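Here the structure comes first, spelled out in structure tokens, and everything after it is commentary.
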Amino acid sequence: MKGEVAADHVIVASGSSDALSMCFGALCDDGDNILLPAPFFAHYDTICSYYNIQTRFYHCNHEKDWEIDFDHLRSLVDGRTKAILMNNPSNPCGSNFSRQHIADLIRVCEELHLPLIADEIYAGLVFSGETFTSVADFDTPVPLFVVSGLSKRFNVPGYRFGWVVVVDRDGYGAKLLKRGAKNGHPYSDAQLALATCCRECP
């Protein structure tokens, strides 16, 4: 991770879906819109419906390993667009973006002055010979909300333990941090298990 991340910029949640809900609710007001990939994980739409957030779907090109069509993405932006969401590695496509493609996406976010929510719940789960790259590995003024959890990589979906890492030079994530402090309460056994893993696992 390129940037320094303070402990209070890591917000725990009751699973990655809860972490995503924190991000959507913090960044968007009623009637705002968010840009989502198509094809997409269906629960994104459920969260947006709960907050009355309009969903706008940008194309991903199946002939280019599901890379984002940046021209189409740009065409969806208006004054009420509040964030772009990227899911990498992708569910349902199974794609794993190259480092260059992620760098290109971050440049587009900088150009559009939009924060990036990175759903990285499948981080590290890639085919042999491939390398996973996190958005947090880039130095950028764009606020990054990096979402992950225990369920996929550690095969413990019932633990319902997720988190958001806020990588943000200018304090844009303060609203999210305040919301997370009120609502992020995964159960204590999961917190203890994660703390033990961090101390004892290589």
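Just so it is clear, none of the values below were taken in a lab; they were calculated from the coordinates. From a predicted model like this one, the values you see are computed outputs, not experimental measurements. Methodologically, a virtual Cβ is constructed for each residue, glycine included, from the backbone with ideal geometry; neighbour enumeration extends over all protein chains shown.
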- Cα-based Rg of the range 51-128 per 2.2 N^0.38 Å, rounded to two decimals? 1.11
- Item | Amide H within-cut-off set for Thr133, under 5 Å, with H built and near neighbours excluded | none
- Task: Any chance you could check the Cα centroid distance between the range 85-130 and the range 1-75 for me, in angstrom?
- Result: 11
- Note on the structure: Most exposed to least, judged by fewest other Cβ atoms within 10 Å, Glu120, Glu130 sort to Glu130, Glu120
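So how do Asp104, Asp18, Asp30 line up by other beta-carbon neighbours within 10 Å, fewest first?
Details: Asp104 15, Asp18 23, Asp30 7.
Going from least to most buried by this count: Asp30, Asp104, Asp18.
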